[in-house]
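What follows is a single structure, written as structure tokens, with notes after it.
The values are calculated or read from the model by the stated rules, or taken from the named source; none is laboratory data. Note that this is a predicted model, so its numbers are computed, not measured. Virtual Cβ from ideal backbone geometry, glycine too; neighbours counted across all protein chains shown. For accessibility, only protein heavy atoms count, side chains too; no ligands or nucleic acids. Shrake-Rupley method; radii C 1.70, N 1.55, O 1.52, S 1.80 Å.
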Amino acid sequence: MFDPSAEAQAELISERLRQIRARIERACAESGRAPGSVKLMAVTKTVSPERVNIALGEGVDLLGENRVQEFLGKNLSYNCEKSQIHFIGHLQTNKIRDIINKVSCIQSIDSLRLANAVSSAARKAGIVMPCLLEVNIGREESKSGFAPEGVLDAAREIAALSGISLHGLMTVAPAVAGKTGDDSCFRDMQQLFTQLQESSLPGASIDTLSMGMTGDFEMAVRCGSTLVRVGQGIFGARDVQTGLPQH
Ligand SMILES: *Cc1c(COP(=O)(O)O)cnc(C)c1O
């Protein structure tokens, strides 16, 4: 059946994706980085599976999931045979087993306790789970993640765990960064990432610096991000009160 609003939605998502990809490539070019060196993730929180499938149809090959319950309610409807799914939200240890066989990376390892629990769940499942450490780079009380000064020690311990392969770092920068153009948090992340690479930890292959969202992804790319996580920029603004998309 012809549904004009569904068609308009698809047009909108397709056009937004085209613009975001162009902006990522422009930021790469401006900062002397190779074309195609930054991966685009579509963040699906509050977005219906139908709309996620539009993005998948437009060639998005990486999804980001924040909430275990929401993810479990949607993932069977995704047409994502060719795509990967990363977990990017705060993860409670008692939910690990719900996602361990459904995602190909956990980007939000925010404590040694969680790392140990993922390690043991992965061993039980007979897999090795790629992971990133989440860094609370702005030292915000409202955010989880390792304090910047604790990251390298934590990385050493976590890289040594069986069942986990450490691939790098993830952060959610303070919202003010995108508004003021202050890139100091991203620069600090870039420096930590370089230090982590240079420490050549056994059991780690440090190739991913996940930073940059709708409001700040170009700045993040200019500071060395290898993976940007974009939700509203692709799917439209989320309602701040209800968390529902406004379209
Ligand atoms: C929601 C979210 C994003 C995407 O934010 P947008 O502003 O919608 O681009 C990225 N990363 C994490 C961890 C998120 O929770």
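Within the option set ILE96, ILE54, ILE20, being part of a helix (DSSP H, G or I) and either touching a residue at least 60 places away in the same chain (Cβ under 8 Å) or among the basic types (Lys, Arg) (or both) holds for one residue only, ILE20. Would a scan of the range 179-186 turn up a residue that is at pLDDT 95 or above, within 27 Å of GLN84 (Cα to Cα) and either touching a helix residue (DSSP H, G or I) at 6+ places or on another chain (Cβ under 7 Å) or polar (S, T, N, Q) (or both)? Looking through the range 179-186, at least one residue is at pLDDT 95 or above, within 27 Å of GLN84 (Cα to Cα) and either touching a helix residue (DSSP H, G or I) at 6+ places or on another chain (Cβ under 7 Å) or polar (S, T, N, Q) (or both).
Restricting attention to the range 115-125, does a residue exist that is of a type in the set (Val, Ile, Thr), more than 16 Å from the ligand (Cβ to nearest atom) and not in a loop (DSSP other than H, G, I, E, B)? So far as the range 115-125 goes, yes, one or more of its residues are of a type in the set (Val, Ile, Thr), more than 16 Å from the ligand (Cβ to nearest atom) and not in a loop (DSSP other than H, G, I, E, B). Residues in the range 150-178 that are on the phi > 0 side of the Ramachandran plot and touching an Asp or Glu at 6+ places or on another chain (Cβ under 7 Å): GLY168 only.
What residue, of GLU65, GLU70, is within 15 Å of the ligand (Cβ to nearest atom), among the acidic types (Asp, Glu) and either more than 21 Å from VAL128 (Cβ to Cβ) or exposed (fewer than 15 other Cβ atoms within 10 Å of the Cβ) (or both)? I'd like the intermediate steps shown before the answer.
Values: GLU65 fails: either more than 21 Å from VAL128 (Cβ to Cβ) or exposed (fewer than 15 other Cβ atoms within 10 Å of the Cβ) (or both).
Result: GLU70 is the single residue among GLU65, GLU70 that is within 15 Å of the ligand (Cβ to nearest atom), among the acidic types (Asp, Glu) and either more than 21 Å from VAL128 (Cβ to Cβ) or exposed (fewer than 15 other Cβ atoms within 10 Å of the Cβ) (or both).
If we scan the range 164-186, do we find a residue that is open to solvent by 60 Å² or more (accessible area, probe 1.4 Å) and either basic (Lys, Arg) or near the ligand (Cβ under 10 Å from one of its atoms) (or both)? For the range 164-186, residues open to solvent by 60 Å² or more (accessible area, probe 1.4 Å) and either basic (Lys, Arg) or near the ligand (Cβ under 10 Å from one of its atoms) (or both): present.
Say whether the condition of being assigned to a loop (DSSP other than H, G, I, E, B), within 16 Å of the ligand (Cβ to nearest atom), open to solvent by 10 Å² or more (accessible area, probe 1.4 Å) and on the phi > 0 side of the Ramachandran plot is met by at least one residue in the range 137-149. Checking the range 137-149: at least one residue is assigned to a loop (DSSP other than H, G, I, E, B), within 16 Å of the ligand (Cβ to nearest atom), open to solvent by 10 Å² or more (accessible area, probe 1.4 Å) and on the phi > 0 side of the Ramachandran plot. In the set VAL60, VAL47, only one residue is within 16 Å of the ligand (Cβ to nearest atom), part of a loop (DSSP other than H, G, I, E, B), in contact (Cβ under 8 Å) with a residue 40 or more places away in the chain and in contact with a Phe, Trp or Tyr (Cβ under 7 Å, 6 or more places away or on another chain); that residue is VAL47.
When the test is whether a residue is at pLDDT below 95 and either closer than 14 Å to GLY231 by Cα or open to solvent by 50 Å² or more (accessible area, probe 1.4 Å) (or both), ASN79 passes it.
When the range 63-79 is examined, which residues are found to be more than 17 Å from the chain's Cα centre (by Cα) and in a loop (DSSP other than H, G, I, E, B)? Passing the criteria: TYR78, ASN79. Considered as a group, the residues in the range 219-246 that are charged (D, E, K, R) and either at pLDDT 95 or above or assigned to a loop (DSSP other than H, G, I, E, B) (or both) include one that is farthest from the ligand (Cβ to nearest atom), and that residue is ARG222. For first residues located in the range 113-142 and over 24 Å from MET189 (Cβ atoms), partners that are in a helix (DSSP H, G or I) and open to solvent by 10 Å² or more (accessible area, probe 1.4 Å) and lie 6+ apart or on another chain with Cβ distances below 7 Å form the pairs ALA117/THR93; ALA121/ARG97. For the range 199-218, state whether one or more residues are out of contact with any Gly (no Cβ under 8 Å at 6 or more places or on another chain), assigned to a helix (DSSP H, G or I) and loosely packed, with under 15 Cβ neighbours inside 10 Å. No, every residue in the range 199-218 fails to be out of contact with any Gly (no Cβ under 8 Å at 6 or more places or on another chain), assigned to a helix (DSSP H, G or I) and loosely packed, with under 15 Cβ neighbours inside 10 Å.
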